[in-house]
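Trainee: My questions all concern the structure below.
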Amino acid sequence: MTVSKTGYFTHRDCWKHEMGPGHPECPERLDAIEDRLLITGVGDALDRREAPEASLADIELAHDRLHVAAMRGLSDRLNEEILAGGPSYSQLDPDTSINAHTWKASLRAAGAALAATDAVMAGELENAFCAVRPPGHHATRSKAMGFCFFNNVAVAAKYALQRYNLQRVAVVDFDVHHGNGTEDILANDPRALMVSIFQHPFYPYSGDQDPAPNMVNVPVPAYTRGMDIREIIEMMWIPRLEAFKPEMIFVSAGFDGHREDDMGQLGLTEPDYAWITQRVKDIARRYSKGRIVSCLEGGYVMGPLARSVEAHLRVLADL
């Protein structure tokens, strides 16, 4: 029996955070992924691990201490109000709210990325996928927004640089929305390179204006198809990644660019996600000893989300 080289990090706490009835960023997203991995047998090929809680010191590698304290304070206050018969949610912005379990889920989501980083750096795993929520890539250094509270990928990237003294880490972001939070945290850090592709103009209406030199932002119009996106990645991302020679790669894996996902209007399909994953893996094998930590971001229609994650994992695990 060969030990699987692809880890799968999650925790039941990630199911308990929810933002109210009918919200697209819902616990059922993780159920859909789990069901798909079960019926296809892909789950059997993965090394399943429980996500620990991230320490606040590690979260503060990417976030202002005030932001972390504010999130904790909001959570404590909400729990007191719930005990007193008050509302079950506290609204942060029109799209984003917390419930009694959001704080713990957020610590687990960041903790999954950190534990995956440790396991991959130790050589226990070649790569890992974190099936976590809340997602992270809209959370800036000082602000929660867009369904995100802490920036799981940015926390892990900063941690890899500090804890393992790496010189170069890359972040690959293929969500339908621009990862404005990750850009905010990593911009102008010469040890980090971020490559991203996203629909534009679209929420959060950023990423197209004069990005920092370590950002390769590729805004594409609505209805851009998979073959065009592949060509753009080949032209824009790959040369920069090859020149940078990352020692580790972090992926913000958003599957809301799928043509069946009504959150956005891009035309990606499962084979496109497999192709993107393979290109990232080729770079990782060449320069990073295969080291990849991928974290779930968007993807809000259950069928395409689950199938796309399966395609992503099949490539990571060489299935």
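Trainee: So how much slack lies between Asp282 and Arg48, counting 0.36 nm per residue of separation and subtracting their Cα-Cα distance, in nm?
Mentor: 81.9 nm
Trainee: Roughly how far apart, in whole Å, are the Cα centres of the range 234-289 and the range 129-170?
Mentor: 17
Trainee: Shifting gears a bit: Taking the structure as given and computing volume of the Cα convex hull per residue in Å³, which label from [x] 169; [y] 144; [z] 118 fits?
Mentor: The value computed from this structure is option [z].
Trainee: Okay, next question. In the chain, what % of DSSP beta bridges are antiparallel (nearest 5)?
Mentor: Restricted to the chain, the bridges split so that about 10 percent are antiparallel.
Trainee: Further question on the same structure: If you take every DSSP beta bridge fully contained in the range 104-231, what fraction is antiparallel? Give it as a percent rounded to 5.
Mentor: Taking every DSSP beta bridge within the range 104-231, about 15 percent pair in antiparallel fashion.
Trainee: Excluding Arg141 itself, calculate the net charge of residues whose Cβ lies under 15 Å from the Cβ of Arg141, where each Lys or Arg counts +1 and each Asp or Glu counts -1.
Mentor: Numbers: positive: Arg65, Lys143, Lys158; negative: Asp58, Glu60, Asp64, Glu183, Asp184, Asp189.
In short, -3.
Trainee: Here's something else I'd like to know. How far apart, in nanometres, would the label points at Arg77 and Met227 be if each is projected 7 angstrom from Cα along the Cα-to-Cβ direction?
Mentor: Using points 7 Å along Cα→Cβ, the separation is 5.4 nm.
Trainee: Among His177, Leu61, Ala105, which residue has its Cα positioned farthest towards the positive end of the charge dipole of the chain, with +1 placed on the Cβ of Lys and Arg, -1 on the Cβ of Asp and Glu, and the dipole taken about the Cα centre?
Mentor: Towards the positive end, the residue furthest out is Leu61.
Trainee: Between Arg259 and Lys289, what length comes free when the chain is fully extended (0.36 nm per residue of separation minus the Cα-Cα distance, one decimal in nm)?
Mentor: 7.5 nm
Trainee: Also, quick follow-up: Glu234 versus Thr40, label points 7 Å from Cα toward the beta carbon: distance in nm?
Mentor: Those two pseudo-labels are separated by 2.4 nm.
Trainee: Further, regarding this structure: Leaving out ligands and nucleic acids, and using a 1.4 Å probe, what accessible area per residue does the chain come to in Å²?
Mentor: So the chain comes to 39 Å² accessible per residue, rounded to a whole number.
Trainee: Can you give me the distance in nm between label points at Ala243 and Arg141, each placed 7 Å from the Cα along the Cα-to-Cβ direction?
Mentor: Roughly 2.5 nm, to one decimal.
Trainee: Can you give me the solvent accessible area of Glu18 with a 1.4 Å probe, rounded to the nearest 10 Å²?
Mentor: 50
Trainee: Rolling a 1.4 angstrom probe over the protein chains, ignoring ligands and nucleic acids, what is the accessible area of Tyr205 in square angstrom, nearest 10?
Mentor: Only protein atoms counted, so the area is about 150 Å².
Trainee: Next question, about the same structure. So what's the back-of-envelope 222 nm ellipticity for the chain, counting only DSSP H runs of four-plus at -39500 (n - 2.57) apiece and dividing by all residues, rounded to 500?
Mentor: About -12000 deg cm²/dmol.
Trainee: Carbon and sulfur atoms: what percent of the 1.4 Å accessible area of the chain do they account for?
Mentor: Carbon-and-sulfur percentage of accessible area, whole number: 52.
Trainee: Rounded to the nearest 0.05, what FRET efficiency is calculated for Asn188 and Lys16 with R0 set to 30 Å and r the Cβ-Cβ distance?
Mentor: It comes out at approximately 0.25.
The values are calculated or read from the model by the stated rules, or taken from the named source; none is laboratory data. Just so you know, these numbers come straight off a predicted model, no measurement behind them. Note: ideal-geometry Cβ built from the backbone for every residue, glycine included; neighbour counts use all protein chains shown. Quick note on the areas: whole protein, heavy atoms, side chains included, nothing else; ligands and nucleic acids left out. Shrake-Rupley method; radii C 1.70, N 1.55, O 1.52, S 1.80 Å.
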